[in-house]
Amino acid sequence: MNELAEIRLTARHKGIPERAIGMTTAEFLASGPRLSEFWTPLVVLDDAAMRHNVETMATWCAERGLELMPHGKTTMAPVLWQRQLDAGSLGITLATMGQVRTARTFGVSSIMLANAAVDERSLRYLAGELADTEFRFVCWADSIATVEAMEAPLRGAPRKLDVLVELGGEGGRTGARTIDEAIAIAERIAASDVLRLAGVAGYEGSLAHDRSVHAIDAVETYLRRQIELHERIGHLYDDGDVYVTAGGSAYFDLVAQVYAEAGASANAAERPGGGRTLFTLRSGAYIVHDDGFYRGISPFDEGRASDDEPRFIPGMFGVGRVVSHPEPGLALIDGGKRDFPFDEGLPIPRAMSAQLGAVWQPLPAASVSAMNDQHTYVRGGDLAIGDLVRLGLSHPCTAFDKWTVLPVVESLESDVVVDLIHTFF
């Protein structure tokens, strides 16, 4: 990641202190930066919380014989991917071939594309990448038409491409809708001269959006169908590694439970030819958790977990400055939809301070009622012009994409900036 340290900071990196402009990232970090130097609005990452979350997830997966290939599209931040890889992740999951190409430029050598690849240009690029014998790559297919679209551009590749048959669910996202349909796709992949059938994939998160009995039943039913598919196409596998994969950041506990019933604890056991069955989670948002959607649904949120269970800690927050107080009880801060996520819930005022670096005071009576492009409406809290508001944010996947650089502080209450995270969306 040395090239990231050499990125030169410019005025195009919003929030960066004036004195940082022209410095490399390494030079700026060596100068002892403080959060109080940065301009608002900001999204800030909490180093202590991220380290805790990465270690918590890695330990939990290892104890259950599960592999982890966290979804890198959450952050698109190579430095954060590396933290996850260093903690034992098998690789990084990505969503598009453009993201795959970005990851390859940063040396990521194990990638799952949680999607189909059918564009002939990107497939020809992929064929070239397969010449790297150290490169582990797998993608998905949910129709015979998808398989056929992949074959011609891959002819001449130095080795076969690993492909998982994707099982979906009625009303869900992608994926074959029936097991019989998925079996036919698996048979077509296995018969291909350029593709290798490498397992079963899917995403349970699109089938439910809460922790109701109905939602949990829908997820568990889907996961058991996935295992049934895996067993029914077992005779089509060769002796190499095979994946069974699901698990976003909302229901990974249910995935672990169903996979355990299917033998996930034997994850390291060799298949007849020396390969393994890799029961693999793809959770990605856990690295920063959140104060909204995942806080309400994750099994590891501090409000749901019991004293003897793992807990995630919110590892990102927003900061906005009051720029208008047009009527009693209403304050407008200088960040809005361009700066903070809003698709899975509005930001939550958590604390206020007269300046960055000062002690944060709780804001229990404040709430956000609306957002514009560059304004957030904060009601209650007795705020004055110039006051800073610390915001709890919901949905990391639409927080990181608004920032090319995010400062990382030692901890929630610290003013010390220990890193700058560059993103590549």
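Can you tell me which of Glu55, Glu27 is surrounded by fewer than 15 Cβ atoms within 10 Å (Cβ to Cβ) and in the same structural domain as Asp339 (by TED's automatic domain parsing)?
Checking each option against the conditions leaves just Glu27.
Ala264 - would you say it is modelled with pLDDT under 95, in contact with a Leu (Cβ under 7 Å, 6 or more places away or on another chain) and among the aliphatic types (A, V, I, L, M)? Taking the combined requirement at face value, the residue satisfies it.
From the list Ser369, Ser394, the one residue that fits, being among the polar types (S, T, N, Q), at negative phi and in contact with a helix residue (DSSP H, G or I) (Cβ under 6 Å, 6 or more places away or on another chain), is Ser394. From the list Pro349, Pro326, the lone residue that is free of Cβ contacts under 8 Å to residues at least 40 places away in the same chain, in contact with a strand residue (DSSP E or B) (Cβ under 9 Å, 6 or more places away or on another chain), part of a strand (DSSP E or B) and assigned by TED's automatic domain parsing to the domain that holds Glu410 is Pro326. When the residues of the stretch 30-52 are filtered to those that are of a type in the set (Gly, Ala, Ser) and farther than 20 Å from Ile7 by Cα, the one that is surrounded by the most Cβ atoms within 10 Å (Cβ to Cβ) is Ala49. When Gln374, Gln355 are checked against the criterion of being closer than 11 Å to Arg321 by Cβ, part of a loop (DSSP other than H, G, I, E, B) and of a type outside the set (Lys, Arg), a single residue qualifies: Gln355. Arg173 meets each of the listed conditions (1) touching a Ser or Thr at 6+ places or on another chain (Cβ under 7 Å); (2) surrounded by fewer than 17 Cβ atoms within 10 Å (Cβ to Cβ); (3) at pLDDT 95 or above apart from (3). Leu391 falls short on exactly one of the conditions (1) buried (at least 20 other Cβ atoms within 10 Å of the Cβ); (2) of a type in the set (A, V, I, L, M, F, W, C); (3) in contact with a Gly (Cβ under 6 Å, 6 or more places away or on another chain); (4) assigned to a loop (DSSP other than H, G, I, E, B), and that condition is (4).
Taking the stretch 118-135 as the range and being assigned to a loop (DSSP other than H, G, I, E, B) and closer than 15 Å to Ala152 by Cβ as the test, the residues that pass are Val118, Asp119.
Evaluation of Pro364 against the conditions (1) out of contact with any Phe, Trp or Tyr (no Cβ under 8 Å at 6 or more places or on another chain); (2) in a strand (DSSP E or B) shows that the sole unmet condition is (2).
From the list Gly98, Gly88, Gly128, the one residue that fits, being assigned by TED's automatic domain parsing to the domain that holds Ala182, out of contact with any helix residue (DSSP H, G or I) (no Cβ under 9 Å at 6 or more places or on another chain) and not acidic (Asp, Glu), is Gly128. Here is the figure for the stretch 218-240: residues that are surrounded by fewer than 18 Cβ atoms within 10 Å (Cβ to Cβ) and either touching a Gly at 6+ places or on another chain (Cβ under 6 Å) or not assigned by TED's automatic domain parsing to the domain that holds Gly168 (or both) total 2.
Residue-wise test of (1) within 30 Å of Arg124 (Cβ to Cβ); (2) modelled with pLDDT under 95; (3) over 22 Å from the mean Cα position of the chain (by Cα).
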position	(1), (2), (3)
Leu154	yes, no, yes
Leu161	yes, no, yes
Val194	yes, no, yes
Arg211	no, yes, no
His235	no, no, yes
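When Val147 is tested against (1) farther than 28 Å from Ala399 by Cα; (2) part of a strand (DSSP E or B), only condition (2) is not met.
Set side by side, the residues Asp210, Asp253, Asp217, Asp193 differ, and just one is assigned to a loop (DSSP other than H, G, I, E, B), free of Cβ contacts under 8 Å to residues at least 60 places away in the same chain and of a type in the set (Asp, Glu), which is Asp193.
Going through Gly275, Gly315 one at a time, which residue ends up being modelled with pLDDT under 95 and within 25 Å of Glu63 (Cβ to Cβ)? Only one candidate qualifies: Gly275.
The set of residues in the stretch 176-217 that are of a type in the set (Lys, Arg), touching a helix residue (DSSP H, G or I) at 6+ places or on another chain (Cβ under 7 Å) and either surrounded by fewer than 15 Cβ atoms within 10 Å (Cβ to Cβ) or over 20 Å from Asp238 (Cβ atoms) (or both) contains only Arg211.
Being among the aliphatic types (A, V, I, L, M), under 28 Å from the mean Cα position of the chain (by Cα) and closer than 25 Å to Glu37 by Cβ holds for only one residue in Val319, Val323, and it is Val319.
The values are calculated or read from the model by the stated rules, or taken from the named source; none is laboratory data. Here the structure is a predicted model, which is why all the values come from computation and not from measurement. When we count neighbours, we look across all protein chains shown, and the Cβ atoms used for this are built from the backbone with ideal geometry, even at glycine.
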